[in-house]
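Chemist: Dumping the structure here so I can ask a few things about it.
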Amino acid sequence: MKLMRKKIWIISMAAGAVLILLAVLGIGILTKKIKPNLWLSGAYQVRGVDVSHYQGEIDWNALSGQGIQFAFIKASEGSGHVDENFAGNWENVKETGIYSGAYHFFSFDSPGDSQADLFISTVPKEEGRLAPAADVEFYGDKKVNRPDPQQVRQQLDIFLKRLEDHYGVKPVIYTTMTVYDSYIKGYYEEYPLWIRNVYYSPDFDMKGDWTFWQYSDTEKLDGYQGQEPYIDLNVFKGSVEDLEVFLQE
């Protein structure tokens, strides 16, 4: 009887220790003090960044020298805002071998047509640039007061079609896991997906249905000086040759 109680005690202590370890691990991942993505992203060889005016003036040669092979540069937002550093970034990145494209922060409060007008007037159509990207994510109070999915998709459809017609290539859709599940999943399968998940690999719950993965927003590289000390890091699911499929002609 004593032996049985001892075994039960040992098992209980071991189970408790495992639960504590898992809790500590989970908290560490959520607070980004433990970063499994830095290891998981190592399975992919083509690395990239996405930037905006928050990174300030960028030394693109310095980024290229750190293994960065592609970049998405913020161009515009909604129907009236152009990123103040877009023009400089768009020209300066040409000095490197970095594959570059532009992205637009999609607004739930503006018509798709006027957003497309702004992006097209801001971003030149140039051979060899990456497909344009639509950044679809919650902002302000939208996570709490969620826009109607049908209305969002109606305007997003307009925006995406306008970009595809103008640039001759399907746009990339950037989104978070929450927005993907609520607005994108099941409706935009023909579009390249750029998924944000800074906690774990999207392969865990998306079965590999992604093209680009933003795996970290708390890393630092040499080559920029802005109000934001960190830079978003991404990987492409494929080789450099595969990436070239997404270039404008």
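The values are calculated or read from the model by the stated rules, or taken from the named source; none is laboratory data. Note that the coordinates shown come from a computational prediction; the quantities given were computed from them, not determined experimentally. Cβ placement follows ideal geometry from the backbone for every residue including glycine, while neighbour counts extend to all protein chains displayed.
Chemist: Would it be correct to say that V169 is touching a residue at least 12 places away in the same chain (Cβ under 8 Å), under 30 Å from G65 (Cβ atoms), assigned to a loop (DSSP other than H, G, I, E, B) and in contact with a strand residue (DSSP E or B) (Cβ under 7 Å, 6 or more places away or on another chain)? So that I can check it myself, show each step before the final result.
Modeler: Details: touching a residue at least 12 places away in the same chain (Cβ under 8 Å): yes; under 30 Å from G65 (Cβ atoms): yes; assigned to a loop (DSSP other than H, G, I, E, B): yes; in contact with a strand residue (DSSP E or B) (Cβ under 7 Å, 6 or more places away or on another chain): no.
It is false that V169 is touching a residue at least 12 places away in the same chain (Cβ under 8 Å), under 30 Å from G65 (Cβ atoms), assigned to a loop (DSSP other than H, G, I, E, B) and in contact with a strand residue (DSSP E or B) (Cβ under 7 Å, 6 or more places away or on another chain).
Chemist: Would you call G238 in the same structural domain as D165 (by TED's automatic domain parsing), farther than 25 Å from I58 by Cα, touching a Ser or Thr at 6+ places or on another chain (Cβ under 9 Å) and not polar (S, T, N, Q)?
Modeler: Numbers: in the same structural domain as D165 (by TED's automatic domain parsing): yes; farther than 25 Å from I58 by Cα: yes; touching a Ser or Thr at 6+ places or on another chain (Cβ under 9 Å): yes; not polar (S, T, N, Q): yes.
Criteria met by G238.
Chemist: Go over the candidates Y167, Y187, Y180, Y174 one by one and state the one that is modelled with pLDDT of 95 or more, over 30 Å from W39 (Cα atoms), hydroxyl-bearing (S, T, Y) and buried (at least 21 other Cβ atoms within 10 Å of the Cβ).
Modeler: Values: Y187 fails: buried (at least 21 other Cβ atoms within 10 Å of the Cβ); Y180 fails: over 30 Å from W39 (Cα atoms); Y174 fails: over 30 Å from W39 (Cα atoms).
Criteria check complete, one pass: Y167.
Chemist: Examine region 59-67 for a residue that is part of a strand (DSSP E or B), modelled with pLDDT of 95 or more, crowded, with 17+ Cβ neighbours inside 10 Å and assigned by TED's automatic domain parsing to the domain that holds D203, and state whether such a residue exists. Write out each step before concluding.
Modeler: Keep residues of region 59-67 that are part of a strand (DSSP E or B), which gives none.
No, that holds for no residue.
Chemist: A further question on this structure: If D209 meets every condition in (1) closer than 26 Å to F159 by Cβ; (2) modelled with pLDDT of 95 or more apart from one, which number is that one?
Modeler: (2)
Chemist: Do you know which of the residues in region 176-207 that are more than 15 Å from the chain's Cα centre (by Cα) and small (G, A, S) is nearest to V144 (Cα to Cα)?
Modeler: In this case the residue turns out to be S182.
Chemist: Name the residues in region 190-224 that are touching a residue at least 12 places away in the same chain (Cβ under 8 Å), assigned to a loop (DSSP other than H, G, I, E, B) and farther than 14 Å from F236 by Cα, would you?
Modeler: E190, Y191, V198, Y199, Y200, L221, D222, G223
Chemist: With the requirement that a residue be more than 25 Å from L163 (Cβ to Cβ) and among the polar types (S, T, N, Q), what does region 204-249 give you?
Modeler: Scanning region 204-249 gives S216, T218, Q225, Q227, S239.
Chemist: Ok, one more. Take region 42-99 and flag every residue that is on the phi > 0 side of the Ramachandran plot and without any contact (Cβ under 8 Å) to a residue 24 or more places away in the chain. Even if it seems obvious, please write down each step before you answer.
Modeler: So in region 42-99, the residues on the phi > 0 side of the Ramachandran plot come out as 56, 67, 78.
Selection gives G67 alone.
Chemist: In region 121-132, is there at least one residue being assigned to a helix (DSSP H, G or I) and either in the same structural domain as Y200 (by TED's automatic domain parsing) or among the acidic types (D, E) (or both)?
Modeler: yes
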